[in-house]
Amino acid sequence: MTEVAFHFNAPDKLAYVCRLARKAMRQDVCVAITGSGQDLQRLDRMLWAMGPTDFVAHCLDDADEQMRQASAVLLVSDPRTCGRHDVLVNVGDAVPQGFEQYAKLVEVVSQSDQADRGRARERWRHYAAQGFTIVRHDLVLREGV
């Protein structure tokens, strides 16, 4: 069964996802990131703008198959199209279709955007109703350690 984790209180969701992708790549874990087209485009630019020692090999889902295979991180609008199923990171508003194919699903929730927090609560209820055990990661508590 897919492990579902909520990482909440992210001061900047997309910056946090960039750091999460860098960490996963360094651990040789393949990551698919899903969300709105606008968020995926912003993430693409942010991942390219990371420092030279922080490069994260990534591509958008419209890349050719060779590029997709060479990239540790895929930015996908439909996570069902991803051939590798290690970790799925959701920055979108809805429960991502096909998340059950992944070993782990990470939901990233804003610290200050109340609408985002409300939608995350709805997703939490959905996963709980489906019988998934949910792991909580409060990023404010982690930052203070």
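What follows draws every value from the coordinates through simple rules; no lab data is involved. Worth saying up front: this structure is predicted, and the values here are computed from it rather than measured. Don't worry about glycine lacking a Cβ; one is built from the backbone with ideal geometry, like all the others, and counts go over all protein chains shown.
Within segment 62-80, name every residue whose backbone N is under 20 Å away from a label modeled 7 Å from Cα of residue 55 along the Cβ vector.
63-75
Quick check: Cα centre of segment 23-83 to Cα centre of segment 122-142, how many Å?
Between the Cα centre of segment 23-83 and that of segment 122-142, the gap is 24 Å.
Could you work out the local net charge near residue 76, counting Lys and Arg as +1, Asp and Glu as -1, over the other residues with Cβ closer than 14 Å to its Cβ?
In short, -4.
Which entry in (i) 1.03; (ii) 0.99; (iii) 1.25 matches Cα Rg over 2.2 N^0.38 Å derived from the coordinates of this structure?
From the options (i) 1.03; (ii) 0.99; (iii) 1.25, the structure gives (ii).
For the residue pair residue 115 and residue 42, what label-to-label distance in nm results when each label sits 7 Å from Cα along the Cα-to-beta-carbon direction?
1.2
Quick one: net charge around residue 1, please, counting Lys, Arg +1 and Asp, Glu -1 for every other residue with C-beta under 11 Å from its C-beta.
Its environment carries a net charge of -1.
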